[in-house]
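Reading through the structure tokens given below for one structure.
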Amino acid sequence: MTCVFCDIAEGKSHADFVLREDEVFAIRDAHPVAPVHVLIIPRKHVRSIVEAEESGDDEIVPKIVSTAVEAARKLQLAERGFRLVWNCRAEGGQTVDHLHLHLLGGRQMKWPPG
């Protein structure tokens, strides 16, 4: 089974890109849960943030975060506010086994989230 995010990174599947960087890209979520819902995804396949740390691929994490902030600025959320969410593995809500960060905004966020 192929990874949907790898297919997008390789240009095999369509996505609505917000940003494209060498190591990371940002796309609009196909099933948004907020007015603005963007996924920040590394091009390299890493299953989760746990595997990134275990395999030594954790250097990508700061790049993912900085790309999220860049996307928030581009989408005019930086001043208003936004939420960043990492879902890790099944119980954490991760539905695609490829590391990604959710950028949510465009409305008042509530707490607790889940």
Checklist entry - Considering the chain as a Gaussian network with a 10 Å cut-off on Cα pairs, which listed residue, H100, H37, H14, attains the greatest mean-square fluctuation? => result H14
Checklist outcome for this item: Per the 1/(1 + (r/R0)^6) rule, R0 = 35 Å and r from the Cβ atoms of V85 and E10, FRET efficiency to 0.05 is 0.85
Item to check | Among L75, V61, H102 the positive-end extreme of the charge dipole of segment 4-105 (Cβ point charges) | outcome: L75
Checklist entry - Any idea what the relative contact order of segment 4-105 is, in percent, if you count C-alpha pairs under 8 Å spaced at least 6 apart? => result 30 percent
Checklist entry - With axes computed from alpha carbons, what is the tilt in degrees of helix 60-74 against the longest principal axis of the chain, rounded to the nearest 10 within 0 to 90? => result 30 degrees
Checklist outcome for this item: Log entry: pair-distance distribution for segment 4-105, C-alpha pairs binned every 10 Å from zero, whole % per bin is 16, 52, 30, 2
Item to check | 13 Å beta-carbon shell around V4, net charge (K/R +1, D/E -1) | outcome: -3
Next on the checklist: Just to confirm the filter: which trypsin sites (Lys or Arg not before Pro) across segment 5-37 are DSSP coil and have at most 14 other Cβ within 10 angstrom of their Cβ?
Outcome noted: K12
Item to check | the chain: most fluctuating residue of A90, A72, A15 per GNM, C-alpha cutoff 10 Å | outcome: A90
Checklist entry - What GluC sites (Glu not before Pro) does segment 24-81 have in DSSP loop regions with at most 13 other beta carbons within 10 Å? => result E59, E79
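Quick note: the coordinates plus some simple rules give every number you see, no bench work behind them. Predicted model only: the values in this text are computed from it and were never measured. Neighbour counts run over all protein chains shown; Cβ positions are idealised from the backbone, glycine included.
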